[in-house]
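Enquirer: Before we start, here is the structure in question, set down as structure tokens.
The values are calculated or read from the model by the stated rules, or taken from the named source; none is laboratory data. This one's a predicted model, so the numbers in the text were calculated from it and none came from an experiment. Here the Cβ is made from the backbone with ideal geometry for all residues, glycine too, and neighbour counts use every protein chain on show.
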Amino acid sequence: MSVSIAHIINPVGVSPAHPLFAIQQITFESIRNAKAFSAPRNIEICSTQFEEDRSIIPSFITVLPNLTRSILDESKFTKQRKLPLVADILNALGQHSKADYVVFTNMDIGLMPSFYESVFTEIENGHDAILITRRRIANAYHSIDQLPAIYADLGKPHPGYDTFVFKRELLEKFILDKICVGIPFLEVSLLHNLVAFATNLKLIDRAHLTFHIGMEVMPPVDEEYYLHNRKCYEMQILPKLKLLLTKEKFPYGDLSFFSRMLKWGLNPCYRTSLMLEMEGMSAKRKAKFLLDELRWKILQGG
């Protein structure tokens, strides 16, 4: 029986004058092209959205029931931004799709034609979770007619994680609390859930599989919403995942000490204090193992 994939997105209804409008149109078309490239693979494209966003969704996408709450229902903010909770988006797919694997991307992430085919290859290689970093391209593309040029633009790498693929059964284990999309600590929370619950996580950070229009690596953030997500992560998510985290399960965990600490230290998705704590725990386990081996050897008279 062939493996199936369901890709969930969360479109936003904006006016044609808004910069996100053109970006979303390019994203839609890139998803359509990627699905066609991988025909006849079993790929379902789904969306979940607020009622006011339904009109912009293309007909090739399966429209799931509307979202019924936003971050504004869970906390008070000075600036009103109707941002959905990532848990609600993923749970909508879990309730309405039986696909084996889930793909989640933001609406400003476009797909290269070979995207799904590459994902299927990694699944067939035994990976139950995949992280994919994007390529950044110039903020000079505004139309789906420019897709050939977009595909040809290699751009530059980006260190953050914005494309997540994982086995559907992992969704039932995720701890995401009230993390909202479009704000930092979304990617950190998803990363740590995958590290905690996946058994064979793969990082793809050197391939040209996705693209993002715009070269900024760390754009300005809304402080109120940033603090909300950070609080959710630090107080509700990390404490519940911490015992399941080991340095060996993290991306770059197989590199030398200095190489992995450099990778972790420079990447905003990793917290240096946490990674150093993981290092300490690993060293403690190794020391205990060596001590136990010495004790057994002495007891056996070896």
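Enquirer: I'd like to check something: does the range 227-235 contain any residue that is touching a Cys at 6+ places or on another chain (Cβ under 9 Å), touching a residue at least 60 places away in the same chain (Cβ under 8 Å), within 20 Å of Asn193 (Cβ to Cβ) and in the same structural domain as Gln80 (by TED's automatic domain parsing)? Please lay out each step first, then the result.
Expert: The first filter runs over the range 227-235 and keeps only residues touching a Cys at 6+ places or on another chain (Cβ under 9 Å), leaving 228-229, 232.
With the extra rule that they be touching a residue at least 60 places away in the same chain (Cβ under 8 Å), the set shrinks to 228.
Imposing the further condition that a residue be within 20 Å of Asn193 (Cβ to Cβ) reduces the set to 228.
Retained after the next criterion (residues that are in the same structural domain as Gln80 (by TED's automatic domain parsing)): 228.
Yes: the range 227-235 contains one or more residues that are touching a Cys at 6+ places or on another chain (Cβ under 9 Å), touching a residue at least 60 places away in the same chain (Cβ under 8 Å), within 20 Å of Asn193 (Cβ to Cβ) and in the same structural domain as Gln80 (by TED's automatic domain parsing).
Enquirer: Next question. Would you pick out the residues in the range 4-39 that are in a loop (DSSP other than H, G, I, E, B) and exposed (fewer than 15 other Cβ atoms within 10 Å of the Cβ)?
Expert: Our first condition is that a residue be in a loop (DSSP other than H, G, I, E, B); within the range 4-39, this holds for 10-18, 38-39.
Ser15, Pro16, Ala17, His18, Ala39 - these are the residues of the range 4-39 that are in a loop (DSSP other than H, G, I, E, B) and exposed (fewer than 15 other Cβ atoms within 10 Å of the Cβ).
Enquirer: Given Ser70, Ser75, which one is over 20 Å from the mean Cα position of the chain (by Cα), under 19 Å from Ser189 (Cβ atoms) and of a type outside the set (D, E, K, R)? Please lay out each step first, then the result.
Expert: On the way: Ser70 fails: over 20 Å from the mean Cα position of the chain (by Cα).
Just one listed residue meets the conditions, Ser75.
Enquirer: Answer yes or no as to whether Glu44 is under 20 Å from the mean Cα position of the chain (by Cα) and of a type in the set (D, E, K, R).
Expert: yes
Enquirer: Is one or more of the residues making up the range 48-64 under 19 Å from the mean Cα position of the chain (by Cα) and touching a residue at least 24 places away in the same chain (Cβ under 8 Å)? Break it down into steps so the answer makes sense when it comes.
Expert: Just the residues of the range 48-64 that are under 19 Å from the mean Cα position of the chain (by Cα), to begin with: 48-49.
When the remaining residues are screened for being touching a residue at least 24 places away in the same chain (Cβ under 8 Å), the result is 48-49.
Yes, some residue in the range 48-64 is under 19 Å from the mean Cα position of the chain (by Cα) and touching a residue at least 24 places away in the same chain (Cβ under 8 Å).
Enquirer: Moving on to the next point. For the range 128-176: of the residues being charged (D, E, K, R) and under 12 Å from Phe211 (Cα atoms), which is surrounded by the most Cβ atoms within 10 Å (Cβ to Cβ)?
Expert: Let us first name the residues in the range 128-176 that are charged (D, E, K, R), namely 128, 134-136, 145, 153, 156, 162, 167-169, 172-173.
If we keep only those that are under 12 Å from Phe211 (Cα atoms) as well, we get 134-136, 153, 156, 162.
On the way: Arg134: 25, Arg135: 18, Arg136: 18, Asp153: 18, Lys156: 12, Asp162: 19.
Looking at the filtered set, the residue picked out is Arg134.
Enquirer: I'd like the residue in the range 142-199 that is under 19 Å from Ala92 (Cα atoms) and of a type in the set (Gly, Ala, Ser) and, out of all such residues, is farthest from the chain's Cα centre (by Cα).
Expert: Gly182
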